[in-house]
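Taking it in order: structure first as structure tokens, then the write-up.
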Amino acid sequence: MDINPQTQVSDIVTHHPAATKVFHRHGIDFCCGGKRPLAEVCAERRLDVDAVQREIAALDPHDAEEQDWSAAPLAAIVDHILERYHAPLKEELPRLAAMAAKVQAAHGERFPEMVPPLAARLDELKAELELHMMKEERMLFPYVVSPERAGGRAPRPPFGTVAAPIAAMEAEHEDAGRLLAEMRALTGGYQLPEGACNTFRALFHGLEELEREMHLHVALENHVLFPRAAELERQ
């Protein structure tokens, strides 16, 4: 696709997934806040939009963290989300929460303004994401894949209109994004304090990876899966 200053960030990452690397580098929100023109987000972050466009143009399209899923079968997208994002999250969230508890026990008194609130927000994020994934897997995803797997039209959804669960999932994505941003702010961008132990280091590394994966995960659902799921009711 041709990219210009008025192209929405969400459209760029949908059709040019390697661009997420540029957006990560510049702190540009391409998931929940992605439905905005590139020029607008660049101006907000005091970035030269032409320079950002040149960075994107110089990327190797094959060097992407995600592929272009915009025309893929819905069942394939859902299977990918379950395997690439949901399954690892179910293992990683308890692991990170356990490490955060250890860091709080060992360093909470030394860093009272960072460690206890960080652990609290991680616990909140864990609880919210685990419930969020369960709702997607039990309600929304089965409806989304039903036409392809049954070889026909989408059945009448049990939730009235698919717009309702999509709106709820997007709101929960927003809340997860808020918690991730608060954790980044509490840690000064995951800058390790002096004398940090190995568990402290592993926690910060894991949280940065969690944030990166969540951005990709949410972008795929918000900008590809959900809009295409909404089209099922119009077919």
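The values are calculated or read from the model by the stated rules, or taken from the named source; none is laboratory data. This one's a predicted model, so the numbers in the text were calculated from it and none came from an experiment. Cβ: placed from backbone, ideal geometry, glycine included. Neighbour counts: every protein chain shown. Protein only, heavy atoms only, side chains kept; ligands, DNA and RNA dropped before computing areas. Shrake-Rupley method; radii C 1.70, N 1.55, O 1.52, S 1.80 Å.
Structure notes:
- Boolean, HIS173 is open to solvent by 20 Å² or more (accessible area, probe 1.4 Å) and in contact with a Cys (Cβ under 6 Å, 6 or more places away or on another chain): no
- Candidate set from segment 16-46 (those that are surrounded by fewer than 17 Cβ atoms within 10 Å (Cβ to Cβ) and not basic (Lys, Arg)); member that is nearest to LEU216 (Cα to Cα): HIS24
- Exactly one residue among ALA105, ALA64, ALA72, ALA97 is open to solvent by 40 Å² or more (accessible area, probe 1.4 Å) and of a type in the set (Gly, Ala, Ser), and that residue is ALA105.
- The single condition among (1) more than 26 Å from LEU203 (Cβ to Cβ); (2) modelled with pLDDT of 95 or more; (3) basic (Lys, Arg) that ARG84 does not satisfy is (1).
- Filtered residues of segment 205-235 (kept if over 26 Å from ARG36 (Cα atoms) and crowded, with 21+ Cβ neighbours inside 10 Å): LEU207
- Residue within segment 132-142 that is open to solvent by less than 70 Å² (accessible area, probe 1.4 Å) and among the basic types (Lys, Arg) present: yes
- Residues satisfying the stated conditions in segment 65-82, i.e. among the charged types (D, E, K, R) and either within 15 Å of the chain's Cα centre (by Cα) or over 24 Å from GLU231 (Cα atoms) (or both): GLU65, GLU66
- Checked against the criterion of being out of contact with any Asp or Glu (no Cβ under 8 Å at 6 or more places or on another chain), modelled with pLDDT under 95 and closer than 24 Å to PHE204 by Cα, the candidates GLU109, GLU91 yield just one match: GLU109.
- In the set (1) under 27 Å from GLU83 (Cβ atoms); (2) at pLDDT 95 or above; (3) surrounded by 14 or more Cβ atoms within 10 Å (Cβ to Cβ); (4) small (Gly, Ala, Ser), the condition left unmet by SER146 is number (2).
- Selection count where residues are farther than 17 Å from GLU211 by Cβ and among the charged types (D, E, K, R), scope segment 91-102: 1
- Every test in (1) touching a residue at least 40 places away in the same chain (Cβ under 8 Å); (2) of a type in the set (S, T, N, Q); (3) under 25 Å from GLU113 (Cβ atoms) is passed by ASN198 save one, and that test is (1).
- Qualifying position, being of a type in the set (A, V, I, L, M, F, W, C), out of contact with any Lys or Arg (no Cβ under 9 Å at 6 or more places or on another chain), within 18 Å of ILE81 (Cα to Cα) and modelled with pLDDT of 90 or more, among LEU131, LEU118, LEU125: LEU131
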